[in-house]
Amino acid sequence: MLQSLIEAGGYGLPNPAQQENKIVTEGVKAFESHDKWFDRYPSLVRSLESSDARTVKIAATTATVMDNTQKMLENYYSQYGEGVVVNALGPLAPRLIDVVRIFFPNMIANLVAEIQPLDRQSGEILTIKPRFTNSASGVLAGQEVFLNKTDGFYASDQSTELVGTGDGSTVTFAYTTSYSPIRPGTVIVSVANIAQCSDDGAGNLVGAGISAGTVNYATGAISVTFSTAPSSSAAITVEYRNDIEQSPDNIRQMEIGLNLVPIQAKPHPLKVVYSVQSQLAASAQYNIDVQDTVSNLAAQFIRKERDYVLSSRIQAAASSPTDGSLNFDASIPAGSNYTKNQHYQDFAIKITHAESLIFQNNNRGNVSFILAGINACDIISRTAAFVGEPATVPIGAYKLGTYDGRIDIIKDPSMPPNAYVFGFRGLQTGDAAMILAEWIPIYFTPVFQNSNLQNSQGLLSMYDLLVNNPGYYLAGTISNYVA
């Protein structure tokens, strides 16, 4: 059923496309290793076979962490014996995988971050930061590719370099180009961007602006004597083409910057305590299984707390434009006849501007989500392009709806009510703004029954977060909002 997805998987060098395939492939294989899951989790099967790539990836990642949880239970069984584990965990033992399946896909991490599952506590996650290898075409070696602009000729054999700066008296300038040999007939010497001479293909510089000039094509040595001394501070530049057929080692390089970053899933422990008396009363009078209730409450709490940590990291990493251009004044402009709803439509301008700023700052990206406090969500939800999610009973941060069918709106009660963050998830695997390194979503210990008739049970979640590209986050705020 899912074989086509497995066959599509890629292994080998961790390029981003292969990493995407690897996450999906391993998730599908994990799912297929459990025959009963096909009948038990039909909705997950449908998600794995979806035509939407993000749905497939979320489903595959969920299957992977479910498999990790299953292996944890098997370790329990081998260590304590199945009878002991089932007796200690009660109905939680067979439901633990269900708990993970329910809470994991509903984390806001699936909307605002990239999830890379770990197969052990100390693992590696993939990041990608391509860098220039050569200092040329307006960039320096080591600078990030998309964050720094070239003059348009980095992927070329053409160079423009600074020969010197005029002082109003010097007429002769000598310079050796960074690359050689030079292709004959490609040399142009300019002063203040105005061409003064060019080579004749035989080693001579000729033109009305000079009295003498030579170029050594083999070594790149250039000498030029101007008819009139270049004025003070005038830039003298040389443009030429490097003969890469004779010197292929001079072809400029770009380091893709695929990095496997060591990471360790950090423990997030919690203990739950309840009395034997309350357990017996709940079971006898209300037919409530305390352990089942504990598992549900713990799962919701862990999901809520994870979302809180993720949201806090995003808010801390987000920058605000110094000109305040992403802030929105909710008061109706003086002298206008706008209603509140009409004025709130202007929030769309802030979204468009945020997309422009993210693109300008990173040379890529747009707005793929807005993380917002309750007042900001009130305004966004009244814009014409907003479409709400089906009715739900939320706990903690949740998806309120979408804007323009493509931007996820996440309502977070833990944020300041008037605050919001425009975010771009990332271009591809490894380029994400935030990466969640997931190992064990929920780990339960057996119940410890104390002689004082108090039961206690420990639970543990193990993961870590990495802020990878904070430039993808921009913050704004609402002012003068009245409900």
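The residues listed here are Asp404, Asp412; of these, the one that is over 17 Å from the mean Cα position of the chain (by Cα), surrounded by 24 or more Cβ atoms within 10 Å (Cβ to Cβ) and at pLDDT 85 or above is Asp412. Inspect the stretch 322-342 for any residue being free of Cβ contacts under 8 Å to residues at least 24 places away in the same chain, surrounded by 17 or more Cβ atoms within 10 Å (Cβ to Cβ) and not in a loop (DSSP other than H, G, I, E, B) and give the result as yes or no. No - not one qualifying residue is present in the stretch 322-342. Do we find that Phe369 is crowded, with 18+ Cβ neighbours inside 10 Å and in contact with a Ser or Thr (Cβ under 7 Å, 6 or more places away or on another chain) in this structure? No; evaluated as a whole, the condition is false for this residue. Within the stretch 112-124, the residues that satisfy the criterion of being crowded, with 20+ Cβ neighbours inside 10 Å and touching an Asp or Glu at 6+ places or on another chain (Cβ under 9 Å) are Val112, Glu114, Ile115, Gln116, Pro117, Leu118.
Residue by residue through the stretch 252-299, note down the ones that are in contact with a Pro (Cβ under 8 Å, 6 or more places away or on another chain) and within 30 Å of Thr127 (Cβ to Cβ). Residues satisfying the conditions are Met254, Glu255, Ile256, Gly257, Leu258, Leu260. Has the stretch 466-476 got any residue that is surrounded by fewer than 22 Cβ atoms within 10 Å (Cβ to Cβ), hydroxyl-bearing (Ser, Thr, Tyr), within 30 Å of Pro117 (Cβ to Cβ) and touching a residue at least 40 places away in the same chain (Cβ under 8 Å)? Checked the stretch 466-476: no residue is surrounded by fewer than 22 Cβ atoms within 10 Å (Cβ to Cβ), hydroxyl-bearing (Ser, Thr, Tyr), within 30 Å of Pro117 (Cβ to Cβ) and touching a residue at least 40 places away in the same chain (Cβ under 8 Å).
Somewhere in the stretch 431-444, is a residue touching an Asp or Glu at 6+ places or on another chain (Cβ under 6 Å), assigned to a loop (DSSP other than H, G, I, E, B) and surrounded by 20 or more Cβ atoms within 10 Å (Cβ to Cβ)? Yes: one or more hits. For the stretch 129-184, the set of residues classified as under 42 Å from the mean Cα position of the chain (by Cα), under 17 Å from Asp243 (Cβ atoms), part of a strand (DSSP E or B) and not aliphatic (A, V, I, L, M) consists of Gln158, Ser159, Thr160, Glu161, listed by residue number.
The strands (runs of 3 or more DSSP E) falling completely within the stretch 209-317 include none with 3 or more residues that are of a type in the set (Val, Ile, Thr), modelled with pLDDT under 85 and surrounded by 14 or more Cβ atoms within 10 Å (Cβ to Cβ).
The values are calculated or read from the model by the stated rules, or taken from the named source; none is laboratory data. Since we're looking at a predicted model, the values are computed, not measured. Backbone-built Cβ (ideal geometry, glycine too); neighbour counts: all protein chains shown.
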